[in-house]
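Reviewing the structure listed below.
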Amino acid sequence: QVQLAESGGGLVQPGGSLRLSCAASRSDFRLNVMGWGRQVSGKGRELVAAITSGGSTNYVDSVKGRFTISRDNANTVDLQMNSLKPEDTAVYFCYGKNFAFNMEYWGKGTLVTVSS
């Protein structure tokens, strides 16, 4: 098992930037995919960015060109968010998946508020 812990949320003005970070509790537990999801109150959780252990990335259309995901080899993943919009306001969750055990993991979340 592994726990994921996020940091870096907060309040930012529209057009501003914010960087989220996530660290897994174990560096020896393989997470084939890591990513970031977000959830607005009353709606489902959406995986907005993902990165494989090989460095391949994927983004939903709404964040392409504005968000950049990166990871190192020790099960940490960052999300650089630029040109933030009010509709980006959500709780952001770190995500990890292990293929061998077919297990998915989510952090507890960090709130990002984009408002003037």
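The values are calculated or read from the model by the stated rules, or taken from the named source; none is laboratory data. Here the structure is a predicted model, which means the values were calculated and not measured. Every residue, glycine as well, gets a Cβ built from its backbone with ideal geometry; the counts of neighbours run over all protein chains shown. Note: areas computed on protein heavy atoms with side chains; ligands, DNA, RNA excluded. Shrake-Rupley method; radii C 1.70, N 1.55, O 1.52, S 1.80 Å.
Each 10 Å bin from zero holds the following percent of Cα-Cα pairs in the stretch 1-48: 19, 44, 30, 7.
Take the Cα of N58, step 7 Å toward its Cβ, do the same at E46, and the gap between the two points is 1.6 nm.
Across the protein chains, with a 1.4 Å probe defining accessible surface, the residues D72, D61, D78, D88 rank D61, D72, D78, D88 from largest area downward. Projecting the alpha carbon convex hull of the chain along each direction and taking the average yields 6.8 nm².
Summarising the label geometry, the points placed 7 Å from Cα in the beta-carbon direction at D72 and A5 lie 1.5 nm from one another.
Would you work out the relative contact order for the stretch 13-116, in percent, from Cα pairs under 8 angstrom that are 6 or more residues apart?
Values: 213 pairs, mean separation 35.6, N = 104.
For the stretch 13-116, the relative contact order is 34 percent.
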